[in-house]
Amino acid sequence: MNNKINFTKENYLEFNDFNDVMIQTFGIGCSLCYESQISFVLNGHPKPIGTLIKEQNKNLTDNEVENLVKKPIQDWQAFEDVNFEKQTPIFLCDECWNQMI
């Protein structure tokens, strides 16, 4: 199996997730070194979960949040699965980004 990482810098955007919800809640990190300071995300990604919650523009109960994020969590998992198969990193920290470009 080829272990070459599939990377094209034009395929990445700055990662912005309100209050770093995905990092804090799900423990995501850089796809290469697992660092929690994520700066870039693969283009075509689902909406970051913190941003999705913030866009509701109201205080949500825990139950409402749970229902709101069920599908986005599945979408993120599917996005991760597809790109893992292609050996394409989803999230990159500054250090890995700088090594890749």
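Bear in mind that the values in this text are calculations on the coordinates, not laboratory data. Remember, predicted model here, so these are calculated numbers, not experimental data. In this analysis, Cβ positions are derived from the backbone assuming ideal geometry, glycine residues included, and neighbour counts consider all displayed protein chains.
Structure notes:
- Check on N11, closer than 20 Å to E95 by Cα and exposed (fewer than 11 other Cβ atoms within 10 Å of the Cβ): no
- Criterion violated by G44 - all others in (1) out of contact with any Pro (no Cβ under 8 Å at 6 or more places or on another chain); (2) surrounded by 12 or more Cβ atoms within 10 Å (Cβ to Cβ); (3) touching a residue at least 24 places away in the same chain (Cβ under 8 Å); (4) farther than 16 Å from I101 by Cα satisfied: (2)
- Residue in the stretch 29-47 that is closer than 16 Å to C93 by Cα and of a type in the set (K, R) present: no
- No other residue among S36, S31 is in contact with a Gly (Cβ under 6 Å, 6 or more places away or on another chain) and in a loop (DSSP other than H, G, I, E, B) apart from S36.
- Checked against (1) buried (at least 17 other Cβ atoms within 10 Å of the Cβ); (2) touching a residue at least 24 places away in the same chain (Cβ under 8 Å), I23 meets all criteria but (2).
- Residue that is farthest from N67 (Cα to Cα), among those in the stretch 26-41 that are surrounded by 15 or more Cβ atoms within 10 Å (Cβ to Cβ) and hydrophobic (A, V, I, L, M, F, W, C): L32
- Residue that is surrounded by the most Cβ atoms within 10 Å (Cβ to Cβ), among those in the stretch 72-101 that are in a helix (DSSP H, G or I) and among the polar types (S, T, N, Q): N83
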